[in-house]
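Below is one structure, written out as structure tokens; comments come after it.
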Amino acid sequence: MKRQKNDRRGSTLVELMAAMGLMCLVMTMAAGCMLSGGAVLRRVERGNHARLLLDQTLTLLQEELENSCGYIKIYESGLDTADREGALGPGRAIEYLDAAGCPTLYITEGCAGCGIPEGVLIRRSWEPVGRGADTWEITAEEERCEEMIPLSRGLFLQIEYSFTEAAGVLISAEVSWRQEVIARQERTVSLRHEPPRITAVTAVKEK
């Protein structure tokens, strides 16, 4: 009886290495797709979060400004408003008298004294010491700063204010991530009490 010849043979080392190489290539491509998909998902989540923050911020400012009394004033910069006139055009800070007659200022340029960084909405207020109908004497000790809308790490808020032709204020806000703008929103606020728009000096430093 003849023995049947065994034609089966094992894989060579070259074939095994080629198969491993192909497997590594497929795994690398799959990992790249997963990483890319994760980056897209994080970007979408940041955009949604930024739009939610903008909506909260503009709603807060709308509620505050609608009830402003006495006067309303815009500054090109809100870092130091003492002895400074207001801006005729757009600016990064807005000041008004609240219902209790206290000056209130909104900025996003940070506060070194309070340790609040730039890019966060800050409400600054102080107890006025009267020097005239619309002029207040302030000291650094009397100023109070409050962080209004906490931002996630890496997000940066900027706001610009301008007067509309009617009795209102246009608020333009944007949120950035690593210097890239990821969300923008605008809102026009009608002023219920129609406070006068002024540019005159409203705050002076204590002498």
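Only the coordinates and a few stated rules stand behind these numbers; no lab work does. Predicted, not measured: the structure shown is a model, and the values here were computed from it. Methodologically, a virtual Cβ is constructed for each residue, glycine included, from the backbone with ideal geometry; neighbour enumeration extends over all protein chains shown.
How much length, in nm to one decimal, is gained on full extension between CYS69 and SER172, taken as 0.36 nm per residue of separation minus their Cα-Cα distance?
Going from the current span to full extension adds 34.9 nm.
What's the ranking of 152-160, 49-57 by average number of surrounding C-beta atoms within 10 Å, highest first?
Top to bottom by mean Cβ count within 10 Å: 49-57, 152-160.
How many nm separate the modelled label positions at CYS24 and ILE198, each set 7 Å beyond the Cα in the direction of the Cβ?
Distance between label points: 7.5 nm.
Dimensions of segment 47-116 along principal axes (Cα, Å, largest first)?
40, 28, 26
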